[in-house]
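A quick write-up on the structure given underneath.
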Amino acid sequence: MREFIDKKLVIASNNKGKVQELEEIVKVFDVQILSNKYFNISEPIENGNSFKENAYIKAFNTASKTKLVSLSDDSGISFKALNGRPGIHSARYAGEKKDFALAMKKLNEELRFKDNKSCKFTCALSLCWPDGYNITVQGEIYGKFSWPPIGEYGFGYDPIFYYPELKKTFGELDPSLKHEISHRNLAFKKLKTEISKIIDE
């Protein structure tokens, strides 16, 4: 059986928006939630070939340095018309300054003459212990590209991800509603199921 070391969980990210979303999701656990910023940890080079691999790389980096259990997220947007791009390179599309406004403009240029606007958000979550033991899962949600960007909520590519079932972009959704339906929450439901099998309550 496993346990949360010292009743703490470290979110392996320095992305404020991502940390806030993960904090909201994991508050169901009776643990103190910290993040990379608390330990002054820089995120590692993400050289994996999938969302799951990159999620594990980040989680293990933080877990090994803090000697605590770490949770990481690797997520991105993929377009069918672009053969799955940007995919795992979604953050890199925004450049070193994480300028997602610029990244969205770049995608608009690439998709301008494409008939197929379908896309998906993917989220891989990796819960990792300092010894490398991990639970890594993935969730996906499907939508369509929307231009111009709409909405003040969320972060990253949310303003261009149109969710047909609610007829709104993720950028227009109240955060509590987004948490209920998002790719991140779908992944977390899988993670929670797996955690219940191995955590010593």
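Rounded to the nearest 0.05, what FRET efficiency is calculated for Lys117 and Lys67 with R0 set to 41 Å and r the Cβ-Cβ distance?
On the way: r = 46 Å, r/R0 = 1.12.
Step by step, r from the Cβ atoms, then E = 0.35.
Quick one: net charge of Ile11's neighbours, Cβ under 14 Å, K/R +1, D/E -1?
Here the count lands on +2.
For the chain, build the charge dipole from Cβ charges (+1 Lys, Arg; -1 Asp, Glu) around the Cα centre, then report which of Gln20, Ser50, Thr62 sits farthest towards its positive end.
So the residue we want is Ser50.
Could you tell me the largest-minus-smallest coordinate of the C-alpha atoms of region 41-145 on each of the three principal axes, in descending order and whole angstroms?
Computed over the Cα atoms, the extents are 49, 27, 17 Å.
Please give me the summed charge of the neighbours of Gly139: other residues whose Cβ is under 15 Å from its Cβ, Lys and Arg +1, Asp and Glu -1.
+2
On a 0 to 90 degree scale, rounded to 10, what angle separates helix 183-198 from the longest Cα axis of the chain?
Helix 183-198 and the main axis of the chain meet at about 20 degrees.
Solvent-accessible area per residue for region 1-131 at a 1.4 Å probe radius, Å²?
Numbers: 6900 Å² over 131 residues.
Per-residue value: 53 Å².
Taking only Cα atoms of region 158-201, what ratio of Rg to Rh do you get with Rh as the Kirkwood inverse-distance radius?
Radius of gyration over Kirkwood radius for region 158-201 works out to 1.17.
Which three lengths, in whole Å and largest first, does region 88-201 cover when its Cα atoms are put on their principal axes?
52, 32, 25
Amide H of Ile41: which non-local residues (sequence gap of 5 or more, or other chain) have their own amide H closer than 5 Å, using H built in the peptide plane?
none
Could you provide, to the nearest whole Å², the per residue accessible area of region 162-201 with probe 1.4 Å? Walk me through the intermediate numbers first.
Working: 2250 Å² over 40 residues.
On a per-residue basis, region 162-201 sits at 56 Å².
What is the helix-to-structure angle for 51-66, meaning the angle in degrees between its Cα long axis and the longest Cα principal axis of the chain, kept from 0 to 90 and rounded to the nearest 10?
Once rounded, the angle reads 40 degrees.
For the chain, with all protein chains present and a 1.4 Å probe, just round the carbon and sulfur fraction of the accessible area to a whole percent.
Carbon and sulfur: 49 percent of the exposed surface of the chain.
Scan region 120-201 for trypsin sites (Lys or Arg not before Pro) in coil per DSSP, keeping those whose Cβ has at most 12 other Cβ atoms within 10 Å, and list them by number. Intermediate values should be presented prior to the final figure.
Working: sites: Lys120, Lys144, Lys167, Lys168, Lys178, Arg184, Lys189, Lys190, Lys192, Lys197; in loops: Lys167.
Those satisfying the criteria are Lys167.
Report, to the nearest 10°, how far helix 100-111 tilts away from the longest principal axis of the Cα atoms in the chain, using its own Cα long axis and a range of 0 to 90°.
Rounded to the nearest ten degrees, it is 50.
Just subtract the alpha-carbon distance of Asp99 and Lys27 from 0.36 nm times their residue separation and send over the number in nm, one decimal.
Values: separation 72, 0.36 × 72 = 25.92 nm, distance 2.92 nm.
Contour length minus Cα-Cα distance gives 23.0 nm.
So which of Lys27/Lys98; Lys80/Lys189; Lys80/Lys120; Lys18/Lys117 end up more than 18 Å apart by C-alpha? Before the final figure, lay out each step's value.
On the way: Lys27/Lys98 27 Å; Lys80/Lys189 26 Å; Lys80/Lys120 9 Å; Lys18/Lys117 25 Å.
Result: Lys27/Lys98; Lys80/Lys189; Lys18/Lys117 exceed 18 Å.
Quickly estimate the mean residue ellipticity at 222 nm for the chain, helices only: each DSSP H run with n ≥ 4 gives -39500 (n - 2.57), and the total goes over all residues, rounded to 500.
Computed mean residue ellipticity for the chain: -10000 deg cm²/dmol.
What are the semi-axes of the equivalent ellipsoid of the chain, taken as the square roots of 5 times the eigenvalues of the Cα gyration tensor, listed largest first and rounded to whole Å?
Square roots of five times the eigenvalues give 30, 17, 15 Å.
Rounded to whole Å and ordered largest first, report the semi-axes of the equivalent ellipsoid of region 87-138 derived from its Cα gyration tensor (root of 5λ).
After scaling each eigenvalue by five and taking roots: 31, 16, 6 Å.
If you wrap a convex hull around the Cα atoms of region 1-83, how much volume per residue is inside, in Å³?
In region 1-83, the Cα hull volume divided by residue count equals 126 Å³.
Counting only residues 5 or more places away or on other chains, whose amide H sits under 5 Å from the amide H of Leu34 once H atoms are built in the peptide plane?
Those lying under 5 Å, H to H, from Leu34 are Leu9, Val10, Ile11.
The values are calculated or read from the model by the stated rules, or taken from the named source; none is laboratory data. Keep in mind it's a predicted model, so treat the numbers as computed, not measured. With ideal geometry, Cβ positions are generated from the backbone for all residues, glycine too; neighbour counts draw on all protein chains shown. These area figures cover heavy atoms from the full protein model, side chains too; ligands, DNA and RNA do not enter into them. Shrake-Rupley method; radii C 1.70, N 1.55, O 1.52, S 1.80 Å.
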